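> Once you've had a glance at the structure underneath, I'll fire off some questions.
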Amino acid sequence: MTAQLFGAALGVITLVLMYLLIRRGWLKEKYTLVWLFAGLVTLVVAVYPPIINGIARALGIHQGMNLLFVFADVAMMLVCLQLSVEASTLTYRTRALAEDVAILRLEVENQRRQIESMKGATPPAEPASGALAPGARREGEEL
Amino acid sequence: MALDDDRLLVIIPCYNESETIGAVLHEVRACLPNADVLVVDDGSTDHTRPVAIAAGARVVTLPFNLGVGGALRTGFRYAIRHGYRVALQIDGDGQHDPATAHTLLAELSGADLVIGARFADEEDDYEVGLVRRLVMRALARSVSRHSDTTLTDVTSGFRAFGPRALSLFAAHYPAEYLGDTVEALLIATRHGLKVRQVGVAMRPRQGGAASQTSARSAIHVLRLVPAFLVPARLKHELPAVEESP
């Protein structure tokens, strides 16, 4: 009976934790599916333990316990696999961002230098002249 | 040669090459006076960037170290954005002699990707350790089997790229060390690009330290195994790069 309570508590804790994490936006929904499933299984098994032996027998496994271990193993593996896939995607995206940031930085630097050299090229003798300024600005915008 | 009229971009991936990059840039300028030179600084922690700028190169600086493949793809994307149709990859450590670049570029008239290769003939006296030599030969054999030509040096970083190779690699270029050179060839042949090699003599690196130890190289070679076994679809489609106005 105590073990049953303990198991039920574990299942409930997992489910509540998931609920809180999702509601606060700390966890994207797609990561929670496996955990939700694990929590539900724990809960069901705790509430009605004979179900394990029933399923185990149906699958040809002698010990109900072993079925639980297999379940846990598979769940862990799926989570790890999902994380590996996510890590690959993130690595890939970070790399693409880094490459494009580097190129853009060079382009921005070049354009700033061009604009500055153009500013420097306008004769300082006519500081308030309205005739030159619009032209200079228009060229700057094109860049 | 049809490619004579195309603008050439020389891409030099660099990681902490401040000792040698100045001399390399000087040499490139002397041998290829009409080419534009792009140094891709792969997150160097030394003075590679200022030295290269002082030597008159355009320098693209990656925010952190991506590995040669990342540096190269940056170069390819830059090339496409700025309308270059031909690119030459050359190392920043001085082991490639830019004077031999012309033979690579000439070969591009009948190929999409040309490798400047060591071991192309028997007299080549480029020094590498026995293990390394065996591994390199095995890799070369494996890649050659996928290709329509015999390649002797698939890890060479001295390469010329034609327009088709540029646009393919601007979107898909593997990042891993060694992976980048070998896997890129597999990608190229799977996409029907014509790969050729010309024999070139290489010099020992002129200064600085190699970025990889042999133990790490071994790991990288192992990582290549899936690349040969699984003819993977190209993962992660990148939007095609367009020429910037």
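The values are calculated or read from the model by the stated rules, or taken from the named source; none is laboratory data. Please read these numbers as outputs of a predicted model, since none were measured by experiment. Virtual Cβ from ideal backbone geometry, glycine too; neighbours counted across all protein chains shown. These area figures cover heavy atoms from the full protein model, side chains too; ligands, DNA and RNA do not enter into them. Shrake-Rupley method; radii C 1.70, N 1.55, O 1.52, S 1.80 Å.
> Of all accessible surface on the range A:1-73 at a 1.4 Å probe, what whole percent is carbon and sulfur? Intermediate results must be reported in sequence, preceding the final value.
On the way: 3920 of 5390 Å².
Whole-percent figure for carbon plus sulfur exposure: 73.
> Full-extension gain between residue A:97 and residue A:118, please, as 0.36 nm times their residue separation minus the C-alpha to C-alpha distance. Before the final figure, lay out the partial values.
On the way: separation 21, 0.36 × 21 = 7.56 nm, distance 3.11 nm.
Length difference between fully extended and current span is 4.5 nm.
> Work out, in µm²/s and without decimals, the Stokes-Einstein translational diffusion coefficient of the range B:2-229 at 4 °C, 1.567 mPa s, Rh from Kirkwood over C-alpha pairs. Mind dumping the intermediate values first?
Details: Rh = 17.4 Å.
Translational D for this selection: 74 µm²/s.
> Related question: The range A:76-114: which residues show an accessible-area loss of 40 Å² or more, assembly versus chain alone, 1.4 Å probe?
Buried by 40 Å² or more upon assembly, which counts only protein chains, are A:92, A:95, A:98, A:99, A:102, A:103, A:105, A:106, A:107.
> I need the semi-axes of the equivalent ellipsoid of the range B:26-107: take the C-alpha gyration tensor, multiply each eigenvalue by 5, square-root it, list largest first in whole angstrom.
On the way: eigenvalues 84, 49, 30 Å².
In descending order, the three semi-axes are 20, 16, 12 Å.
> Provide the FRET efficiency to the nearest 0.05 for the residue A:30-residue B:100 pair, computing r from the beta carbons and using R0 = 56 Å.
Working: r = 53 Å, r/R0 = 0.94.
That pair, residue A:30 with residue B:100, gives E of 0.60.
> Which Rg and Dmax, in Å, describe the Cα atoms of the range A:28-119?
26.2, 85
> What's the total accessible area buried between chains A and B, using a 1.4 Å probe, rounded to the nearest 100 Å²? Walk me through the numbers before you get to the answer.
Numbers: alone 11340 and 11920 Å², together 21630 Å².
Its buried surface, counting both partners, is about 1600 Å².
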